Amino acid sequence: MDLVRLWNLKADLAESHPFEAHEDIAHTTLDAIWVVALGSSAKTIDSQANMLETVSKLDLPQNRDESVEFPQAPHPPAFDAILTLTNSMEPLISHPFPKTYHWFLRQGKSYKNAKRYKDQEIETMMKEALDKFSGQRVDALETQGKDRSAIDHMIRRELLLSKKEDREPQ
């Protein structure tokens, strides 16, 4: 629904001019993947829509066939972290010394910050899932109604298996 809201805002501001949509689709895709994997949104589309709600008028091109350029909202930290990590992989494909290049890349501040942010987010989501499922009986764990993400599913399955095997969860 965030994408529809964003495009409605853009359509109103563009006043019948076309606008680029590929970045919006890419951001929506990232949000969807983030929700499925972690159970929360990266809020990339939401931040752009919130910013456009504050814009009352744009400088529109004279030609109705020219696309409108919209101001960009700052990306949420989750988006920047994932973008930094994924963009770091692309040059490795064509680099003559990929292991060495990647080692140097991992030493950079932006890479380290992005990885730290990603790891903290995953750890937070895992703790939330563990808290959600840890006190339940085995029969309650067998139902999948409370899974909101892949992490929820993995934690629930591990708790279920560990209880059945009478061992501590890993």
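The values are calculated or read from the model by the stated rules, or taken from the named source; none is laboratory data. Model, not experiment: these values are computed from the prediction. A quick note on method: Cβ atoms are made from the backbone with ideal geometry, for glycine too, and the neighbour counts reach across all protein chains shown. With ligands, DNA and RNA removed, areas are computed over all heavy atoms of the protein, side chains included. Shrake-Rupley method; radii C 1.70, N 1.55, O 1.52, S 1.80 Å.
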Distance from region 44-59 to region 1-25 (C-alpha centre basis), Å: 10
Value of relative contact order over region 1-117, rounded to a whole percent, pairs C-alpha under 8 Å and six or more apart: 25
Shape category assigned to the chain from the gyration tensor of Cα positions, a/c cut at 1.5: oblate
Net +/- balance of residues flanking Lys115 in space, Cβ distance below 14 Å, scoring K and R +1, D and E -1: +1
Per residue accessible area in Å² of the chain, where ligands, DNA and RNA are left out and the probe is 1.4 Å: 66
Within region 74-88, backbone nitrogen closer than 15 Å to the virtual label 7 Å beyond the Cα of Ser40 toward Cβ: 76-82
Carbon/sulfur fraction of accessible area - the chain, other protein chains in place, 1.4 Å, %: 56
With Cα atoms, 0 to 90° folded angle of helix 2-14 axis to the chain main axis: 10
